[in-house]
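Please treat every number below as a calculation from the coordinates, not as lab data. For clarity, every value in this text was computed on a predicted model and none was experimentally measured. Here the Cβ is made from the backbone with ideal geometry for all residues, glycine too, and neighbour counts use every protein chain on show.
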Amino acid sequence: MTHISAKRIGAVEMLSIADPDGVANLSARHYEQLTRRIEAAQHDDDIAVFLILGGPGLFCAGADLAQFVAGDEMLDEVSRAAPAFFRALAASDKPFIAAVDGLAAGIGTTMLLHFDLIYASERSLFKAPFVDLGLVPEAASSRLGPERLGYQKAFELFCLGGELTAQEAARLGLVNAVMGAEEVVPAAMEAAHQLARKPAAALRATRRLMRGNPASLAVQIDRECDAFRERLEDAGTRRRLKAFVRIGQARQRSDRNRETAKRTEEVAA
């Protein structure tokens with residue numbers, strides 16, 4: 001199970017998504033954890049900036065899609081938790097920095113549209129396969145995507161099922177710098193500490209002026225959530241999601257079996 005850990009380093013709140021099996025899917029519980037951290041920071045003058053990072057080779061594989069097809073009770077839970085996280089991102093007046101190494105899929109990409117600085121490894125890849133699954137984008141990305149990437153590139157990402165390499169993301173302005181995997185976290189941490197040393201009120205005021213009215217993002221989030229829930233009620237969408245979940249679970253079992261066999265061979269040797 002993906003585990004979100006928090007660590008305070010000076011005025012930097014570092015939130016990590018880590019998984020021993022190499023999978024980072026956000027469930028309702030993880031959305032709730034992230035929301036609590038972000039909202040609490042709004043009232044904590046000792047926190048100046050957020051730094052979000054994943055594990056080596058994988059930033060975030062998207063939402064835990066199994067929860068969308070696990071029954072009405074679980075669907076209701078994630079339908080409350082995910083939008084609350086999106087709104088917290090939109091409403092926060094403190095900067096967000098991401099250290100991305102590897103795949104950023106679904107919410108792993110759309111949440112980054114709210115971030116202020118993004119550092120990515122050369123092997124990073126950004127994907128948002130919502131339409132392929134019969135869904136629609138979330139986290140206000142249907143508005144932020146065209147604004148940040150340009151309409152045609154955002155349409156290609158969301159509707160054609162395209163993907164962005166780290167280099168292309170940097171060319172489009174989504175990513176600030178591309179570097180080796182071992183350099184990403186130190187670079188992001190250095191930027192976070194630089195921001196933390198700035199006059200806090202001036203930094204927040206400048207960010208608010210640059211980002212505009214967060215209430216308009218909340219309206220877009222609500223529109224997306226209504227459309228997302230409508231798509232989840234479609235029988236074809238549910239079949240696609242169930243098939244996708246089965247494939248993912250089978251791949252995880254296969255990966256675990258290979259790892260177990262490898263360890264057995266090492267012990268025998």
Subject >> 20 Å reach of a label modelled at K242, 7 Å along Cα-to-Cβ, counting backbone N of region 40-78 >> reply: 64-78
Original post:
Residues with amide H under 5 Å of N25's amide H, sequence separation 5 or more or different chain, H placed in the peptide plane at 1.01 Å from N; which?
Top reply: T2, A61
Original post:
Going by a ≥ b ≥ c, the root eigenvalues of the Cα gyration tensor, does region 1-135 fall in the rounded group (a/c under 1.5), the prolate group (a/b larger than b/c) or the oblate group?
Top reply: oblate
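Considering only DSSP beta bridges with both partners in the chain, what is the antiparallel share in %, to the nearest 5?
Bridges in the chain that DSSP calls antiparallel: roughly 30 percent.
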Original post:
By counting other Cβ atoms within 10 Å of each Cβ, how are V136, V175, V184 ranked from fewest to most?
Top reply: V136, V175, V184
Original post:
For the residue pair F155 and D93, what label-to-label distance in nm results when each label sits 7 Å from Cα along the Cα-to-beta-carbon direction?
Top reply: 3.8 nm
Original post:
So how many Lys-Lys pairs in the chain land under 26 Å Cα to Cα, not counting same-chain pairs under 8 apart?
Top reply: 6
**OP:** Sort all Cα-Cα distances of region 3-247 into consecutive 10 angstrom bins from zero, then give the percent of pairs in each bin up to the one containing the longest distance.
**Re:** 7, 33, 39, 17, 3, 0
Original post:
For the chain, what does -39500 (n - 2.57) per DSSP helix run (n ≥ 4), summed and divided by total residues, give at 222 nm, in deg cm²/dmol to the nearest 500?
Top reply: -17000 deg cm²/dmol
**OP:** Quickly work out the L232-to-E147 label distance, labels modelled 7 Å from Cα along the C-beta direction, and quote it in nm with one decimal.
**Re:** 2.5 nm
